[in-house]
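Note sheet for the following structure.
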Amino acid sequence: MPLIPVAAVLIDGASDDLHFSYAIPDNLFGMVAAGCRVSIPLRNRTAFGTVLHVTEVDTDATKYALKPITSLLDDKPILTEPLMKLAHWMSDYYLAPVESAFRAMIPQAVRSPESAEKTRKVVRLKSENIDSETIEKLGKRAKKQVKALELLKDAPENTISLQDFSAKHRIARPSITALEKLDLVEVIDETVQRDPFAGQTFVESAPLTLNPEQVVALDAVVQACELNREKPAKPILLHGVTGSGKTEVYLQAIQHCLDQGRGAIVLVPEISLTPQTADRFKTRFAKIQDQVAVLHSNLSAGERHDEWKKVLNRQAKIVIGARSAVFAPIENLGLIVVDEEHENSYKQETVPRYQARDLAVVRGHLENCAVLLGSATPSLESWKNCDVGKYDLVQMKKRVDDRGLPLVRVIDMRLEALKQKGQIPILSSKLRLAVEKRLEQGEQTILFLNRRGFARSIMCPECGYVAECKHCSLTLTVHREEDRLMCHMCGYSQLPPRQCPECKSKAIVNAGYGTERAEETIRRVFSTARVARVDTDSMRKKNQLRDTLAQFKAKKIDILLGTQMIAKGLHFPNVTLVGILNSDVGLHIPDFRAGERTFQLITQVAGRAGRGDIAGEVVVQTYTPHHSAIQFGRHHDFEGFADEEIQMRKQFHHPPYFHLAIITVRSTHQQRAEFSLQTLHTRLKRNLPDDIGMTEPLPSPLIRSHDQWRFQIMLKSVNPRSIAGHIRSIIKDLTFPDDVIVTVDMDPHNLS
Ligand code: ADP
Ligand code: ZN
Ligand code: ZN
């Protein structure tokens with residue numbers, strides 16, 4: 001009985017994981033495999049899809065003729081076998097379609113055939129055919145042609161692009177065509193590498209001699225990377241204070257992998273994927289810098305395509321990137337590093353809502369490779385995993401060269417507010433004096449404020465009116481440079497009212513302050529200082545951040561004021577003072593992680609001070625000086641904080657002891673959203689497994705966003721699989737009205 005090969009194809013954009021079978025035509029025989037991208041006929045159009053698996057069926061079994069695959073989009077599978085497994089794991093755990101996992105794994109720039117390779121036409125000298133006689137003959141008639149030949153002779157690889165000929169040298173196409181006819185030159189297509197680092201040169205940095213703590217850490221990673229081990233090693237949590245030299249450990253661990261012929265992935269939070277971070281890796285591996293690929297959201301589609309193809313073609317052995325780089329198809333992976341593993345930006349907030357740090361651990365397991373999670377303030381999830389023996393803990397408690405951790409002063413802003421009557425106190429007198437001292441000594445200061453814009457809101461002191469977004473239940477932020485009120489949720493903006501829209505009072509005022517207003521104050525108070533502000537508003541242009549940081553490094557800026565964009569990863573030896581203007585910004589929101597985040601912030605920001613030879617100082621301004629996040633932060637006491645916080649989590653059944661899932665129902669119709677959630681709740685309640693706890697349906701903390709009403713239920717269990725299984729079993733039989741959107745967020749970071 002004749003067997004024919006058949007491919008199961010999951011079509012791009014399929015919401016339910018239905019796949020279709022296609023025949024493999026003779027010309028593609030033996031080339032189509034699981035993980036390949038293909039184009040296929042679907043009804044009357046051509047669609048794209050990913051091959052799930054290839055099987056053989058006997059021709060009699062297929063009564064109807066299967067349509068054949070139209071073409072193969074790449075010459076090899078784009079998803080490796082472990083990545084396919086990871087996609088299924090994600091689908092299962094996060095309740096997301098497999099197709100959405102594929103979409104997360106293969107960037108749009110790589111999927112769409114349009115952004116494929118870019119080529120340009122270049123002219124190349126056929127040097128063997130040229131002699132002085134020819135030139136002499138030409139010279140009489142065609143000066144341009146002679147000039148073209150001379151330019152080509154001097155050009156690198158005897159090649160110049162057509163565009164350069166016309167734009168730079170004013171030699172038009174007919175002259176080139178004439179030379180082509182004489183067989184002196186050829187015009188060919190050349191692939192252009194869109195390199196985000198084009199024009200930069202990297203000077204190799206030598207590995208440093210490790211201190212004893214670093215040696216222990218590196219040994220642990222090397223052990224875990226050991227080839228031929230029977231089963232995957234445990235993930236390692238590297239808890240190292242800021243400036244303890246974690247990056248140096250990463251670099252040497254990667255080198256070890258390369259020596260073994262294996263590759264490595266380094267994940268860094270999007271926000272700290274500064275040029276500085278990428279450069280450190282590029283310089284260490286300068287000799288092989290074309291083997292280092294960098295993936296982040298600031299790349300153009302073309303650059304992303306080319307960086308990614310470098311990985312796929314096995315040219316790149318090291319990938320540095322944000323969250324989605326956890327999917328980089330590196331073959332023979334030896335190590336995944338997750339730097340600042342506690343960072344929120346590892347959580348993807350759209351479907352599939354995955355946690356890249358957790359996926360790194362899963363992938364490490366699937367590919368039998370080492371996983372190294374690093375942080376000065378580990379997440380309580382990872383801390384607990386060390387406690388129960390799932391992860392190995394390695395600690396580096398000292399800064400490199402025994403430099404001390406900076407002295408942290410806590411300033412009670414309630415007293416300051418009394419002193420500076422009638423004004424919003426932005427700078428306490430202590431902080432002001434500290435900055436002045438730095439200016440006198442030619443040292444630099446970083447001031448941190450995690451709120452952009454001019455003022456937090458606009459309000460009327462007579463009637464209490466506060467300007468809110470039309471589309472969200474959120475106050476509008478005042479932006480003075482644009483003279484607009486803006487919603488930081490949906491982007492809506494409007495002119496600021498000149499009088500109160502409710503009571504017509506003209507006494508309407510700005511409340512609170514953001515970076516714009518702080519900048520104004522700082523420029524006024526320190527009138528001779530050179531000040532730069534870094535936030536998403538002031539850094540819109542490409543390379544602006546890079547340039548500003550370079551200026552700061554070159555000591556052309558005295559005070560750098562910024563949002564979380566400057567909180568992490570930066571290394572400036574001349575910074576001896578760091579001030580946190582308002583450390584309470586994130587403390588009083590209804591989220592059990594508020595304290596943890598504030599502690600992390602203080603520690604990370606403080607880590608920017610005193611990284612050179614001079615000791616550093618940190619000034620933390622707060623209205624709640626006795627809060628444990630601030631008190632432990634002041635003493636750089638992560639373990640003290642973690643022990644206390646984890647007790648509280650245990651008592652209140654919060655993560656990391658319990659896993660959460662939030663089901664949110666959204667609709668532009670308030671009642672339809674509420675009603676749908678009610679129905680869902682009733683069904684979930686029936687046969688609710690004993691190990692799951694569930695809240696009543698409630699309005700979400702952010703009840704309206706982007707014109708949609710939002711209601712939620714929270715489920716809790718020590719067993720995340722149990723939650724996912726139960727929700728899946730209920731949801732699959734329910735249909736909701738078209739304008740109702742139901743989302744499930746497993747292990748949510750954002751509770752609103
Ligand atoms: P972390 O990532 O823990 O904050 P870094 O890796 O950025 O720390 O190290 C801080 C500084 O110390 C860097 O300038 C780095 O080059 C330097 N450094 C790291 N390890 C050593 C070492 N063993 N000897 C000398 N300097 C080191
Ligand atoms: Zn809005
Ligand atoms: Zn009013």
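Miscellaneous remarks
- Scope the range 380-416; condition among the aliphatic types (A, V, I, L, M) and in contact (Cβ under 8 Å) with a residue 12 or more places away in the chain; matching residues: Leu380, Leu393, Val394, Met396, Val400, Leu405, Leu407, Val408, Val410, Ile411, Met413
- Against the conditions (1) free of Cβ contacts under 8 Å to residues at least 24 places away in the same chain; (2) part of a helix (DSSP H, G or I), Phe552 satisfies every one except (1).
- Considering the range 451-484, and only residues there that are open to solvent by less than 60 Å² (accessible area, probe 1.4 Å), of a type outside the set (A, V, I, L, M) and within 21 Å of Ser583 (Cβ to Cβ), the residue that is nearest to ligand 1 (Cβ to nearest atom) turns out to be Arg451.
- Residue satisfying condition, being within 27 Å of the chain's Cα centre (by Cα), crowded, with 20+ Cβ neighbours inside 10 Å and not assigned by TED's automatic domain parsing to the domain that holds Pro699, within set Val578, Val618: Val578
- Cβ-Cβ distances below 8 Å connect no pair with a first residue in the range 700-720 that is not assigned by TED's automatic domain parsing to the domain that holds Glu674, a second residue that is among the basic types (Lys, Arg) and surrounded by fewer than 19 Cβ atoms within 10 Å (Cβ to Cβ), and a separation of six or more residues or different chains.
- In the range 466-488, the residues that are over 15 Å from Arg452 (Cα atoms) and within 16 Å of ligand 3 (Cβ to nearest atom): Val466, Ala467, Glu468
- Residue check, Leu83 closer than 30 Å to Ile662 by Cα and modelled with pLDDT of 90 or more: yes
- Test: Ala301 is more than 16 Å from ligand 3 (Cβ to nearest atom) and open to solvent by less than 40 Å² (accessible area, probe 1.4 Å): no
- Residue count for the range 621-645, restricted to those that are among the aliphatic types (A, V, I, L, M) and open to solvent by 10 Å² or more (accessible area, probe 1.4 Å): 0
- Taking the criterion of being in a loop (DSSP other than H, G, I, E, B) and open to solvent by less than 10 Å² (accessible area, probe 1.4 Å), the residues of the range 328-351 that qualify are Ala328, Pro329, Ile330, Glu341.
- Test: residue in the range 361-369 that is open to solvent by less than 10 Å² (accessible area, probe 1.4 Å), outside any helix (DSSP H, G or I) and at pLDDT 95 or above: no
- Criterion: surrounded by 20 or more Cβ atoms within 10 Å (Cβ to Cβ) and away from ligand 3 (no atom under 16 Å from the Cβ) - qualifying residue of Gly491, Gly562: Gly562
- Considering (1) touching a helix residue (DSSP H, G or I) at 6+ places or on another chain (Cβ under 8 Å); (2) surrounded by fewer than 18 Cβ atoms within 10 Å (Cβ to Cβ), the lone condition that Leu680 does not fulfil carries the number (2).
- Residue check, Arg357 assigned by TED's automatic domain parsing to the domain that holds Asp279, more than 16 Å from Leu267 (Cβ to Cβ) and in contact (Cβ under 8 Å) with a residue 24 or more places away in the chain: no
- Single unsatisfied condition, Trp308 versus (1) touching a helix residue (DSSP H, G or I) at 6+ places or on another chain (Cβ under 7 Å); (2) in a helix (DSSP H, G or I); (3) surrounded by fewer than 23 Cβ atoms within 10 Å (Cβ to Cβ): (3)
- Any hit, the range 503-514, residues being more than 26 Å from Ile602 (Cβ to Cβ), without any contact (Cβ under 8 Å) to a residue 12 or more places away in the chain and either within 16 Å of ligand 2 (Cβ to nearest atom) or open to solvent by 10 Å² or more (accessible area, probe 1.4 Å) (or both): yes
The values are calculated or read from the model by the stated rules, or taken from the named source; none is laboratory data. This one's a predicted model, so the numbers in the text were calculated from it and none came from an experiment. With ideal geometry, Cβ positions are generated from the backbone for all residues, glycine too; neighbour counts draw on all protein chains shown. These area figures cover heavy atoms from the full protein model, side chains too; ligands, DNA and RNA do not enter into them. Shrake-Rupley method; radii C 1.70, N 1.55, O 1.52, S 1.80 Å.
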